[in-house]
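Derivation of every value follows stated rules applied to the coordinates shown; laboratory data play no part. Please read all numbers here as calculations on a predicted model, not as lab measurements. Cβ placement follows ideal geometry from the backbone for every residue including glycine, while neighbour counts extend to all protein chains displayed.
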């Protein structure tokens with residue numbers, strides 16, 4: 001019997017050689033690096049996910065505070081360094097330290113008539129207002145008609161006038177959505193005018209009239225205002241709140257051109273309205289800077305002229321076109337504590353000239369004759385005001401706002417003071 005022996009390689013028969021110690025160390029280090037890299041990547045993914053959750057929470061907080069109508073002086077301060085919140089529970093107060101007021105959101109009130117954060121969606125705010133305006137003037141004016149604070153139409157006289165206007169108004173605001181608010185203002189006006197008139201030309205020439213003392217008053221519904229405001233930007237990433245507004249002023253008050261007049265053309269009552277339609281677009285900017293809020297309001301008032309067809313004295317007024325009025329307000333609201341704040345501002349309006357088409361009336365042998373139409377134009381008015389306001393949050397739903405305005409230019413009213421008490425209905 002023959003045995004066939006096959007050659008077997010030595011390497012196949014012998015045990016493998018142990019790895020080199022240096023190579024083993026390199027393999028171990030590579031494995032450890034790969035494990036650590038994987039752990040770092042996992043931690044980075046978890047950190048990114050946590051940052052996304054934090055951003056969503058911050059956005060939700062901003063939306064909630066905006067919906068609540070609360071000013072954003074430093075909304076995320078309690079969520080950053082120094083706090084150890086667990087769930088929704090705040091940290092325990094320190095021993096020996098007076099606990100803060102339960103209403104911990106600082107209330108920085110922008111001057112009430114300058115606009116601010118919108119009303120909460122689905123909530124109705126009622127705002128009773130009482131306002132007083134005092135004006136003393138010594139100047140050349142258009143005798144016959146003076147639309148409150150701005151437009152003058154008639155015949156030139158030397159006029160020393162005093163004007164007192166009391167207005168009680170009810171304003172309602174409704175938050176339609178998180179970003180859109182609608183409001184309406186219904187005013188009731190009492191106005192008293194006293195004047196000493198020294199005509200440059202007697203009117204009519206044969207009357208022999210000299211210095212005239214007049215005193216009139218009037219009361220009734222004023223010009224109703226309708227407004228829509230839309231928030232176009234939040235206070236994020238260094239940007240201010242931006243709120244665009246559009247206001248419509250309706251001539252619902254008594255028309256100054258329709259008032260009863262005496263033989264000299266002097267009004268026997270005081271008007272409670274302007275007699276013109278007007279539209280005012282505006283943009284409000286609010287920049288929180290704890291504990292203050294910087295704000296600015298920029299707008300333009302478009303006044304729409306109309307055919308008046310009114311006789312005043314020896315003049316027939318056919319058409320009146322009030323000029324437009326750009327305006328700007330810059331101010332600072334300062335939070336003194338969670339309930340009390342004050343505001344300072346300067347407001348300026350440039351009232352462009354009013355144009356009137358007038359035809360003089362001449363009387364010959366008892367026959368009246370209309371002359372050729374002429375265009376009369378007033379001068380521009382510069383209306384500057386210094387504003388100061390105090391706001392106190394009496395409850396979560398009620399605030400007391402008091403504003404004082406002092407005239408800074410000759411054309412501005414000497415004093416205007418306003419008390420507002422807005423309260424929110426559930």
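I need to check one value: relative contact order of the range 112-425, counting alpha carbon pairs closer than 8 Å and at least 6 residues apart, in percent.
On the way: 914 pairs, mean separation 48.5, N = 314.
The value is 15 percent.
Apply 1/(1 + (r/R0)^6) to the Cβ-Cβ distance of residue 168 and residue 47, taking R0 = 51 Å, and write down the FRET efficiency to the nearest 0.05. In this case the efficiency is close to 0.30. Centroid-to-centroid, using Cα positions, the range 344-368 and the range 223-241 are 36 Å apart. With 0.36 nm allotted per residue and the present C-alpha distance subtracted, the residue 138-residue 59 stretch has 22.9 nm of extension available. Under the criterion of Cα pairs below 8 Å and six or more residues apart, the relative contact order for the range 317-356 equals 54 percent. Computed from the alpha carbon positions, the gyration tensor of the range 25-67 leads to an equivalent ellipsoid with semi-axes of 41, 4, 4 Å, biggest first. Distance between the pseudo-spin-label points of residue 182 and residue 377 (7 Å out from Cα toward the beta carbon): 4.1 nm.
Here the label points at residue 25 and residue 334, each 7 Å from Cα along the C-beta direction, are separated by 7.0 nm in the simple model.
Taking a ≥ b ≥ c as the square roots of the eigenvalues of the Cα gyration tensor, an a/c ratio of 1.5 or more together with a/b larger than b/c marks the range 273-336 as prolate.
Fully extending the segment from residue 237 to residue 289, taken as 0.36 nm per residue of separation minus the present Cα-Cα distance, adds 17.4 nm. Computed over the Cα atoms of the range 112-425, pair by distinct pair, the Kirkwood hydrodynamic radius stands at 21.2 angstrom.
Once you keep just the Cα pairs under 8 angstrom separated by 6 or more residues, what percentage relative contact order results for the range 247-344? The partial results should precede the final answer.
Numbers: 192 pairs, mean separation 22.1, N = 98.
Computed over the range 247-344, the figure is 23 percent.
Highest average first, the peptides 236-242, 125-131 ordered by how many other beta carbon atoms sit within 10 Å of their residues are 125-131, 236-242. Which residues in the range 118-134 have a backbone N closer than 18 Å to a point placed 7 Å from the Cα of residue 421 along the Cα-to-Cβ line? Zone members listed by number: 125-132.
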